[in-house]
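The values are calculated or read from the model by the stated rules, or taken from the named source; none is laboratory data. Remember, predicted model here, so these are calculated numbers, not experimental data. Quick reminder, even Gly has a Cβ in these numbers, built from the backbone with ideal geometry, and neighbours come from all protein chains shown. Side chains are part of the model used for accessible areas, which takes the heavy atoms of the whole protein and leaves out ligands, DNA and RNA. Shrake-Rupley method; radii C 1.70, N 1.55, O 1.52, S 1.80 Å.
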Amino acid sequence: MKILKITLASLIIISLSACKKDGKVTKTSKDSLITKKDSVVVPEIHKEFYGIYTGEFSGKGELYDSETREYYEGTDYKRLSLKINRITKDSVYGQSIVNGTQRPFRGIFNENSNSFTLDEPGNDKTDGRFEIKLTNDSITGKWTAFNKSAVKAPLKNLKLIKKEFVYNPNFMLDENSDLIDWANPRDFVEKYTDEETGKTETYTASKNRIASEAVFKINASKQKLTEKELKNLRKLDMEIIKNSVFARHGYSFKKETYRNFFEQTDWYIPVSNNVDSELTPVEKENVALLNRFIKYAEDKYDQFGR
């Protein structure tokens, strides 16, 4: 038994020695194949086209009016961002971002025509194909839904401009912004008394939430907010002040209310559906404080015509 152990040990030493060359252990043929495979990097091309392209995304279809509660034929307008992350000879990789939904795409690039054909995965009812052309820093073209019966406007045109996303805590709503929340009208029962007959009648009026000019003055990305500053604000005021924090970081809003406010600015670029990790300490504190006050705040409504 002792002789056998020595023999096995000797074999191991001989085996290890055979794998050495110039004092280094050489890899087996299998290891060499793996290393060779992993070291093959597909070269990237046209890196100058990488970046974010954002702009109008529109198409005709059957739309729903939340105020009249009726469907009508019209044009569906949205803000779209396309992020081109990587281009190789055979493939293009990136993401589309619209209405708070971020979808990956993969496609091909035609160098002769500077055009792209980009397909979203197809496992969501809102997925489709982009057929677009790049001219300088502009993208134009169309998007066609894979499932044409599942979306309001199955064919959309797009016109995008390349923009560099930059976080800037000084960004605020434009002072000419419309401060009406058109997306969430609420019915109120009103009374009307005829002065001649003295007869009182009731009727239903649809009213919309409105914000105050406080949204142009209070910045939750720069200053630590106090309870005194918030206690007299309207609920919509605080929602806008809070979501301005997320808008500055490029959050893509699912709620139409917030999209409508921030799409009125020229700085808002939706680039992600989760920016929680990007918030600064003061922003996190302010968001938590605003959430507490929003829970119990009241709104101001008024009646507006379209």
* Structure fact -> Note: the range 36-156, point scatterers on Cα, Debye, no solvent; log10 I/I(0) at q = 0.10, 0.13, 0.23 Å⁻¹ equals -0.36, -0.57, -1.39
* Leaving out ligands, DNA and RNA but keeping every protein chain, what accessible area does residue 171 have, in Å² rounded to the nearest 10, with a 1.4 Å probe? -> 50 Å²
* Return the FRET efficiency for the residue pair residue 117, residue 176: r is the Cβ-Cβ distance, R0 is 51 Å, and the value is rounded to the nearest 0.05. => 0.80
* Which whole-number value in Å² is the accessible area per residue of the range 172-306, probe 1.4 Å? -> 58 Å²
* Give the shape of the range 208-297 as rounded, prolate or oblate, defined through the alpha-carbon gyration tensor: a ≥ b ≥ c are the square roots of its eigenvalues, a/c under 1.5 means rounded, and otherwise the shape is prolate if a/b is larger than b/c and oblate if not. => oblate
* the range 134-203 shape via C-alpha gyration tensor axes, a/c threshold 1.5 -> oblate
* Asked: With respect to the cross-link table entries 199/231; 159/217; 78/300; 207/242; 125/222, which display a Cα-Cα separation exceeding 31 Å?
  -> 199/231; 159/217; 125/222
* Asked: Measuring from label point to label point, each 7 Å out along Cα→Cβ, what is the residue 62 to residue 75 span in nm?
  -> 2.2 nm
* Assuming a ≥ b ≥ c are the square roots of the Cα gyration tensor eigenvalues, decide whether the range 205-259 counts as rounded (a/c under 1.5), prolate (otherwise, with a/b larger than b/c) or oblate. => oblate
* Taking Cα centroids, how far is the range 159-199 from the range 43-100 in Å? -> 25 Å
* Structure fact -> The alpha-carbon center of the range 101-151 and that of the range 216-272 are separated, in whole Å, by 31 Å
* **Solvent exposure, largest accessible area first (probe 1.4 Å, DNA, RNA and ligands not counted), of 60, 255** => 60, 255
* Structure fact -> Ordering 46, 249 by the accessible surface of their heavy atoms, 1.4 Å probe, largest first, yields 46, 249
* Extending each Cα 7 Å along its Cβ direction at residue 228 and residue 266, get the distance between those two points in nm, one decimal. => 3.7 nm
* **Label-to-label distance, nm, for residues given as residue 136 and residue 200 (7 Å Cα→Cβ offset)** => 6.5 nm
* Rounded percent of accessible protein surface that carbon and sulfur make up, the range 99-258, 1.4 Å probe -> 44 percent
